[in-house]
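What follows is a short report on a single structure.
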Amino acid sequence: MEDVKVLKSIPLFSQLTQMELVQIGKAVRSRRLAQGTLIIEEGSEEGSLFVLKTGAASVYRITKRGEKKVLGRFKAGDWFGEVSLIDHLPRSASIILDEDSELMEISKGEFKALMQADQTLRCKLQEALMNDLCQKLRRTNDILLLME
């Protein structure tokens, strides 16, 4: 039940009903992991959506020169991993924990099952994901414009 409360506080899930949150809560696997744990590796094929319940993480890529380039940071309440659930392509970046953290994970299989089982839930999640990705794209465009 604690996971359902956390999910309700996450913008991605905030428009869902209590019953829909319970459905998602049943699909969630909670994990406590140590600082330095690699959650997602760039290029990997596995797919899960992660929500940081507590802690912090960094997203990075390795440059052509072999240097680690941090692209962003996540804090409690943030989520990541949704892109590969949508486009079914390998992971586009790596994510590592910056401190001991607790995560909620929804596997690709569980996510797909949720989307197929309930059309209303599917529509709400798709809209929330599209809105989130649009906001991220707009922020990226602003950053690129400032770099010129």
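The values are calculated or read from the model by the stated rules, or taken from the named source; none is laboratory data. The structure presented is a predicted model; accordingly, all values stated were derived computationally and were not measured. Methodologically, a virtual Cβ is constructed for each residue, glycine included, from the backbone with ideal geometry; neighbour enumeration extends over all protein chains shown.
For this structure, a couple of remarks:
- Test: residue in segment 98-109 that is in contact with a helix residue (DSSP H, G or I) (Cβ under 9 Å, 6 or more places away or on another chain), buried (at least 16 other Cβ atoms within 10 Å of the Cβ) and in a helix (DSSP H, G or I): yes
- Scanning segment 35-57 for residues that are surrounded by 13 or more Cβ atoms within 10 Å (Cβ to Cβ) and of a type in the set (S, T, N, Q) gives Q35, T37, S48, T54.
- Qualifying residue in segment 128-146 (condition: more than 26 Å from Q15 (Cβ to Cβ) and at pLDDT 90 or above): no
- Which numbered condition E42 misses (of (1) closer than 12 Å to I96 by Cβ; (2) at pLDDT 95 or above): (2)
- A residue that is at pLDDT below 90, among the hydrophobic types (A, V, I, L, M, F, W, C) and either within 22 Å of N131 (Cβ to Cβ) or buried (at least 16 other Cβ atoms within 10 Å of the Cβ) (or both) can be found somewhere in segment 12-34.
- Residue in segment 12-32 that is free of Cβ contacts under 8 Å to residues at least 60 places away in the same chain and under 19 Å from E99 (Cα atoms) present: no
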